[in-house]
1. Could you tell me which residue of region 322-362 is surrounded by the fewest Cβ atoms within 10 Å (Cβ to Cβ), considering only residues that are out of contact with any helix residue (DSSP H, G or I) (no Cβ under 9 Å at 6 or more places or on another chain), part of a loop (DSSP other than H, G, I, E, B) and of a type in the set (Asp, Glu)?
2. Within region 44-71, can you find the residues that are touching a helix residue (DSSP H, G or I) at 6+ places or on another chain (Cβ under 9 Å), aromatic (Phe, Trp, Tyr), closer than 30 Å to Lys255 by Cβ and assigned to a loop (DSSP other than H, G, I, E, B)?
3. Examine region 518-532 for a residue that is part of a helix (DSSP H, G or I) and under 40 Å from the mean Cα position of the chain (by Cα), and state whether such a residue exists.
4. Do you know which residues across region 157-188 are open to solvent by less than 20 Å² (accessible area, probe 1.4 Å), in a loop (DSSP other than H, G, I, E, B) and modelled with pLDDT of 80 or more?
5. Which residue is nearest to Gly633 (Cα to Cα), if the candidates are limited to region 808-839 and must be in contact with a Ser or Thr (Cβ under 7 Å, 6 or more places away or on another chain) and open to solvent by less than 10 Å² (accessible area, probe 1.4 Å)?
6. Report the residue count in region 940-963 for those that are open to solvent by 90 Å² or more (accessible area, probe 1.4 Å) and either of a type in the set (Asp, Glu) or at pLDDT 65 or above (or both).
7. Do the conditions hold for Leu365, that is, is it assigned to a helix (DSSP H, G or I) and either at pLDDT 80 or above or among the small types (Gly, Ala, Ser) (or both)?
8. Only one of Asp624, Asp616, Asp642, Asp620 is acidic (Asp, Glu), open to solvent by less than 50 Å² (accessible area, probe 1.4 Å) and either assigned to a loop (DSSP other than H, G, I, E, B) or within 30 Å of Ile774 (Cα to Cα) (or both). Can you tell me which?
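The values are calculated or read from the model by the stated rules, or taken from the named source; none is laboratory data. All values derive from a computational prediction rather than experimental measurement. Glycine gets a Cβ as well: all are built from the backbone with ideal geometry, and neighbour counts include every protein chain shown. Remember, those area values only see protein heavy atoms, side chains included, never the ligands or the DNA or RNA. Shrake-Rupley method; radii C 1.70, N 1.55, O 1.52, S 1.80 Å.
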Amino acid sequence: HRKRKSYRFETCTGEESWVDSRTVYIGHKVPPPGTEAYIPQRFPDNRVVSSKYTFWNFIPKNLFEQFRRIANFYFLIIFLVQLIIDTPTSPMTSGLPLFFVITVTAIKQGYEDWIRHKADNAVNQCPVHVIQHGKVVRKQSQKLQVGDIVQVKEDETFPCDLILLSTSREDGTCFVTTASLDGESSHKTYYAVQDTKAFNTAEEVDTLHATIECEQPQPDLYKPLGSENLLLRGATLKNTEYIHAVAIYTGMETKMALNYQSKSQKRSAVEKSMNAYLIVYLGILISKALINTVLKYVWQANPNLLIRAFTDFLAFMVLFNYIIPVSMYVTVEMQKFLGSYFILWDDDMFDEELGEGPLVNTSDLNEELGQVEYVFTDKTGTLTENNMELRECCVDGNVYVFVCRISVQTCMCVSHQEREELFFRALCLCHTVQVKEEETVDGIKRGIHQGKSTSFYISSSPDEVALVEGMKRLGFTYLRLKDSHMEILNREDEMERFELLEVLNFDSVRRRMSVIVKSSSGEYYLFCKGADSSIFPRVVSGKVEQVRARVEHNAVEGLRTLCVAYKKLTHEEYDQTCRLLNSAKLALQDRDKKLAEAYDVIEKDFILLGATAVEDRLQDKAADTIESLHKAGMKVWVLTGDKMETAAATCYASKLFHRNTQILELTTKRTEEQSLHDVLFDLSRTVLRQHGSMTRDIFSGLSGDYQDYGLIIAGATLSAVLKPTQDVTNNGGNYKEIFLEICRNCSAVLCCRMAPLQKAQIVKLIKASKEHPITLAIGDGANDVSMILEAHVGIEGRQAARNSDYAITKFKHLKKMLLVHGHYYYIRIAELVQYFFYKNVCFIFPQFLYQFFCGFSQQPLYDTCLFLHQCQSLFAFFNISLFQMFGNWTFGTLVFTVLVFTVTLKLALDTHYWTWINHFVIWGSLLFYVIFSLLWGGIIWPFLNYQRMYYVFMQMLSSGPAWLSIILLIIVSLLPDVVKKVLKFNVCACVNCLTTGLTRVMLCLSLIFPFKL
């Protein structure tokens, strides 16, 4: 054990270019002096920082971020202008509101960051078991360093990225769940390094002298990691007593931290438009100030004072500056934050079976839910339940159909019994299923009965569990993996042992997996199972046509199909295979490419055994949800990796396609018969035949005879469409534009055989189209993360909350989230933003008109305190007789009183649903204004005998004409809104009555005249 070894692991697939590597000394055992060149490397500690601020940089950093907003920066400039030059209003009119907004926002962001600090401290101070000098000691997680040997026990979370050295299991495996990383709650199998898996105790591990050479940290979380020994921070150890592992990436260099940092901030369309509106209103403000400045000097006939004119221009800018709503941003943020709880409080979106409800990760996109035009959904686990059950096996034409968990054998031939048993053994051996001998496994309710004890199958793929459970019903029971031997029980209740030599894991490119086993008689077998498209081209014998026909039949029925094949290996062939695999596994550069080449050489010349069909049932109310989304005008696309026939059957079952839908295919089979250019133009002419170049959206509701189109496209064809065309002729055009034109005229699109990256490319293509529609992507696993991050709104399964904006438990909840919550969110935010601009414009417009009566002297109409109180406002007409009847401040108070009452009552008219909160805020605002005016005028509190406004409000109320003016102006101002509401209500009622009457007349006529009207 004292002999020093050097192990090389590639822990992350990098780019094609070479990435500098790092050398990790296990247990910090550096080489003895003089043995070799030793250059110490510095690595960060294991501290995780998700907070934005520190105690020292909070104020400057937060101020910098807030003043990047146009409104805040604008009011800062106005405040500085008021301090520098003589302006008609006090600097407090801009300074105090700005200070309030900045303070409230800083408190909100500071509180959120304090929560992040607490979470960081909880993680950083979590105890971790580290092996030092042959003993297990405890230290804080933040003090963990690269090279430390860590002991992790069952149900504990990995504190950093680790390389697995040994486990408590004799075969050197452990089981891990990665729900916090990718939302997948299934158990994944990881393997200890072959040369270190025998080091089981702390004393033995401490004697290990070895180095690890690996890449520098990469934020590559979702592609294959390149090593089955790499355990990621955030994953949890399951069904394994303990493991020993060495830290290679710590702190902010872990893949989890790097991946979190790379997520971009999404902003809603409303938020983006707010800045545009602010610029428009800034232009209105500048034009008002410019008009008043020009008119002032025209009226005074003194055009030579250029510098003074500029000063007056700035003064008018200050006087009218409240046309820009300073508090709008903070109000919108609070509205979004509080509004997000409506989703959390919705009992209809709570799943009683799982005991979980929806989750809102960001409140910034609430209103975006009500504007979605395209919905991109995964199939497996999203539209379907991802609860697999074996329905059929086909072995050389012999079919086993499973009905109510009972196998019904048809076409059985005794002479084929040996081939059938080999097929059953292949499915019992070619998998990564593990057996848990307990009553419950993390709440997973899948299991089989073996004698008196209850055991459960655990796997990263529910398909594998369904296949192994199905084999048990056919008499072949997988028992366990013990001492690198897989044990199965055959029909005669005899135990068979196969030594597991190699596992060629499944990946989305090969779409197959293989195992190499050695029987007790010394024979070597390579069993392989995978998609028909990846198995049939590698088969050299077997009843291919019979099996292919059965596979196609099951695919049309919507079942998930797999083909099973095998070949025997000689001892020399096995040795050659081992050398090829080891060479590829130890490669640091282009490791994935070399592994793929090795798999391609090994997995060929198969003998076909048969095929399986697994059912994945459609989720409850999934069809109703898709139909409702269609009726709401949304287009639903299904993006899946399944084969075309299986995915198409699911689309028909979920009502994405209807029986009268004309299916258009853009598949590899068709492009082999015609060129891609010809296929695209044929499809384009088909969908545009009725309406020329006009899209289907214009005509979808005008004609009941409109032909409904559905498009099916394969992943390989999509790659050709997205690839820049090399031979574009004069009539060729751009393939992307033609493809988009076809899609726009189809009611639904199915993309099958899709890789994860292609899903994101589809979403990006639609986002970048000329209409710039709002997109939503919904999925349930790691293969959907790319499209979820690409879409405007991302929704994922409840446990996959890390990558999504929202999380729901079932697909049916999407209906209420979009059509109810999203609709109301958009109405609320739209009315809020419009109301803000509306009241501010109307508040400033009387001030603008007032300048015509005061000779453009920049005399303010309202008192400074009323500027600060300005929470509601509306333009109210006034005339010169009122101005002559009252003094300047009394007249300004009268106008402001009319504004406050009119705007508040306008808000009451626009309220759709009344609660006690509405009553309290609306009527309380009016009461507060009256009490505040009495207080500020020195009536209630004489100490506030402010000279300019002292007793002004009381003087106004003591005047009969003032009361008459206030009442009349409020009535006149609100009269158009009242008339509009009355007319709208009556027109809607008349239309409903007319529709009902016409329906009854037609019904009566159809009864009297029994012929088609």
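1. Applying the filter and picking the extreme gives Glu353.
2. Answer for region 44-71, where residues must be touching a helix residue (DSSP H, G or I) at 6+ places or on another chain (Cβ under 9 Å), aromatic (Phe, Trp, Tyr), closer than 30 Å to Lys255 by Cβ and assigned to a loop (DSSP other than H, G, I, E, B): just Tyr53.
3. Looking through region 518-532, at least one residue is part of a helix (DSSP H, G or I) and under 40 Å from the mean Cα position of the chain (by Cα).
4. Phe158, Pro159, Cys160, Gly172
5. Leu814
6. Result for region 940-963: 5.
7. Answer is no for this residue.
8. Step by step, each of Asp624, Asp616, Asp642, Asp620 is checked, and only Asp642 is acidic (Asp, Glu), open to solvent by less than 50 Å² (accessible area, probe 1.4 Å) and either assigned to a loop (DSSP other than H, G, I, E, B) or within 30 Å of Ile774 (Cα to Cα) (or both).
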